[in-house]
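Quick one: this structure, given as structure tokens, is what I'll be asking you about.
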Amino acid sequence: MAARLPSWAWVTGLTAGATAAVVALALQANQAPQPTAAVARPGASASATPHATVSPKAPAAPALPDASGEGRRIVYSVAGKRVWLVDATGKPVRTFTVWPGTVDPQPGRYSVTLRTQSLKGSDGVEIEHVMYFTKVSGVNVAFSNALDGSSPPPANGQKRGGIRLHKEDGAALWSFGDQGTKVAVVN
């Protein structure tokens, strides 16, 4: 005949089992990916990493410039070294900093005139997502990103119209803007 366990032994066993289950579930939950919000960080100066996600305590990205037009468009601030992608309702859907070339377009309204998937830039770097929108003194001005994600080297006095983007921003701009998409350049 089997010996009967006292009731306290049953309670102790059940409590230990429940505790082990809770610990196992907590460990699994701790290893699961946590959702994060990706928002472009403000920054007026170009750096080796022109954009990043923002922590909850970081300030919001700069507001869309007032005199940047209406409707769906790409807005480029020469002084702010920043681009905004604006939807048809006039709401910015993405913003990021850029590395401008040595030739700046004049403030005004333009449109994307040509898109080229990839080529070698005038600085010798392989680039992609090239979107031309104007010419200044014979120099083409276009958005692009380096295939390897690098920032452009110093121009050494050469005239360069490339506005270089971080790789992820270049892909977002390429998806956003087709030939004919409006480009507003502001100071």
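Give the stretch 57-74 a look and list any residue that's under 15 Å from the mean Cα position of the chain (by Cα), part of a loop (DSSP other than H, G, I, E, B) and surrounded by 16 or more Cβ atoms within 10 Å (Cβ to Cβ), or say none.
Within the stretch 57-74, the subset under 15 Å from the mean Cα position of the chain (by Cα) is 60-62, 74.
Filter once more, so that each one left must be part of a loop (DSSP other than H, G, I, E, B): 60-62.
Scanning the stretch 57-74 gives Ala61, Pro62.
Starting from the stretch 123-136, take each residue that is under 22 Å from Pro154 (Cβ atoms) and list its partners that are in a strand (DSSP E or B) and at pLDDT 95 or above, counting only C-beta distances under 6 angstrom and pairs at least six apart or across chains.
Val125/Ala146; Glu126/Lys120; Ile127/Ser144; Ile127/Ala146; Glu128/Ser118; Val130/Thr116; Val130/Ala142; Val130/Ser144
State yes or no: is Thr95 hydroxyl-bearing (Ser, Thr, Tyr), surrounded by fewer than 17 Cβ atoms within 10 Å (Cβ to Cβ) and touching a strand residue (DSSP E or B) at 6+ places or on another chain (Cβ under 6 Å)?
Details: hydroxyl-bearing (Ser, Thr, Tyr): yes; surrounded by fewer than 17 Cβ atoms within 10 Å (Cβ to Cβ): no; touching a strand residue (DSSP E or B) at 6+ places or on another chain (Cβ under 6 Å): yes.
When the stated conditions are applied, Thr95 does not pass them.
Just wondering, is there one or more residues in the stretch 35-53 that are at pLDDT 95 or above, part of a loop (DSSP other than H, G, I, E, B) and more than 22 Å from Thr134 (Cα to Cα)? Give the steps one after another, and end with the answer.
Applying the first criterion (at pLDDT 95 or above) to the stretch 35-53 yields none.
No - not one qualifying residue is present in the stretch 35-53.
For (1) touching a Ser or Thr at 6+ places or on another chain (Cβ under 9 Å); (2) modelled with pLDDT under 95; (3) farther than 16 Å from Ser150 by Cβ, each residue gets a yes or a no:
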position	(1), (2), (3)
Ser77	yes, no, yes
Thr95	no, no, yes
Pro100	no, no, no
Met131	yes, no, yes
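If you go through the stretch 75-91, how many residues are part of a loop (DSSP other than H, G, I, E, B), in contact (Cβ under 8 Å) with a residue 12 or more places away in the chain and touching a Lys or Arg at 6+ places or on another chain (Cβ under 9 Å)? Outline the logic, then answer.
So in the stretch 75-91, the residues part of a loop (DSSP other than H, G, I, E, B) come out as 78-81, 87-91.
Next, only the ones that are in contact (Cβ under 8 Å) with a residue 12 or more places away in the chain stay: 78-81, 87-88, 90.
If we keep only those that are touching a Lys or Arg at 6+ places or on another chain (Cβ under 9 Å) too, we end up with 87-88, 90.
Looking only at that region, the number is 3.
Residue by residue, here is whether (1) of a type in the set (A, V, I, L, M, F, W, C); (2) open to solvent by 10 Å² or more (accessible area, probe 1.4 Å) holds:
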residue	(1), (2)
Asn140	no, yes
Pro154	no, yes
Gly162	no, yes
Gly177	no, no
Ala184	yes, no
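Taking the stated definitions as given, is His129 in contact with a strand residue (DSSP E or B) (Cβ under 8 Å, 6 or more places away or on another chain) and on the phi > 0 side of the Ramachandran plot?
Values: in contact with a strand residue (DSSP E or B) (Cβ under 8 Å, 6 or more places away or on another chain): yes; on the phi > 0 side of the Ramachandran plot: yes.
So His129 fits the description; yes.
The values are calculated or read from the model by the stated rules, or taken from the named source; none is laboratory data. Just so you know, these numbers come straight off a predicted model, no measurement behind them. For neighbour counting, all protein chains shown are included, and Cβ atoms are generated from backbone atoms with ideal geometry for every residue, glycine included. Just so you know, the surface numbers come from the protein's heavy atoms only, side chains and all, with ligands and any DNA or RNA stripped out. Shrake-Rupley method; radii C 1.70, N 1.55, O 1.52, S 1.80 Å.
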